[in-house]
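Following: one structure in structure tokens, then a few remarks.
All of the numbers you see were taken from the coordinates with simple rules; none came from a lab. Remember, predicted model here, so these are calculated numbers, not experimental data. When we count neighbours, we look across all protein chains shown, and the Cβ atoms used for this are built from the backbone with ideal geometry, even at glycine.
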Amino acid sequence: MDDLELGKLENLEKFTISDHDLPEEILSRYLSGNAIAVDTETMGLIPRRDRLCLVQLCDSEGYVTAIRIAKGQKEAPNLKKLMESEQIVKVFHYARFDVAQFKYTFGIETKPIFCTKIASKLARTYTSSHGLKNLVQELERVELDKSSQSSDWGNWDNLSPAQLSYAANDVLYLLPLKEKLTKMLMREERWHLAQQCFECIPVFVSLDLLQYKDIFEH
């Protein structure tokens, strides 16, 4: 496979599944760090139509938690506490979508934010490939299996091992990517611009949820 490692979930001791919310002991673990990787799985791409099904979190030691979200669930207090903690950077790939899901489903105002997709577009101007698979392949030398990307995430009790492995891999590499992209942005003198972009994400989320289009166009 051209010397690329195949990304897969191997250390099950660092993988936990919880229902509805973060357990207190895992919340305490995540609150002790300075950054957390975050991703979501949903029934589709429209927050007001397609519900949130799974939230994945990963710390700097590779400890992954997958939170199964019930249909109709409107509160996740521990998740909200983590997402709104100003001492912990939340690292997403395409934060705009996940942050919108959190705000619409739970009223969470996520902050502060680092988006690897935005960072990639600002730093890696030598390519037009900014998807997570491409990013992990170049910077981490790992080939992600995306075959479970389009699948039924609402099947609460029967998420397959392939789905869970896919979900875990979507957060396992985000913190290392953040470090590498930050170095590139600083080297190219675009770090300050990236921070300004991250700070704008909540504004775009509010516009998205109100279904505004092209608000900055002529």
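Quick look at the values:
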{"quantity": "Amide H contacts of V89 (H built 1.01 Å from N, under 5 Å, at least 5 apart or other chain)", "calculated": "A35, I36"}
{"quantity": "For the chain, size of Cβ-based charge dipole, Lys and Arg +1, Asp and Glu -1, in debye", "calculated": "580"}
{"quantity": "Euclidean distance of C-alpha centroids, the stretch 144-218 and the stretch 85-134, integer Å", "calculated": "4"}
{"quantity": "Extension gain from S32 to S18, taking 0.36 nm per residue of separation minus the Cα-Cα distance", "calculated": "3.1 nm"}
{"quantity": "Axial C-alpha extent at least 18 Å, average Kyte-Doolittle at least -0.5 - helices from the chain (DSSP)", "calculated": "174-187, 191-209"}
{"quantity": "Reachable lysines, given that their alpha-carbon falls under 18 Å from the alpha-carbon of K117 and they are not under 8 places away in the same chain", "calculated": "K90, K133, K146, K178, K180, K183"}
{"quantity": "Contact order normalised by residue count of the stretch 13-209, Cα under 8 Å, 6+ apart, percent", "calculated": "24"}
{"quantity": "Three-way shape call for the stretch 156-218 based on the alpha-carbon gyration tensor, with the a/c threshold at 1.5", "calculated": "oblate"}
{"quantity": "Principal axis dimensions, largest first and in whole angstrom, of the chain by Cα", "calculated": "46, 45, 34"}
{"quantity": "Relative contact order of the stretch 93-158, defined on C-alpha pairs under 8 angstrom at six or more residues apart (%)", "calculated": "21"}
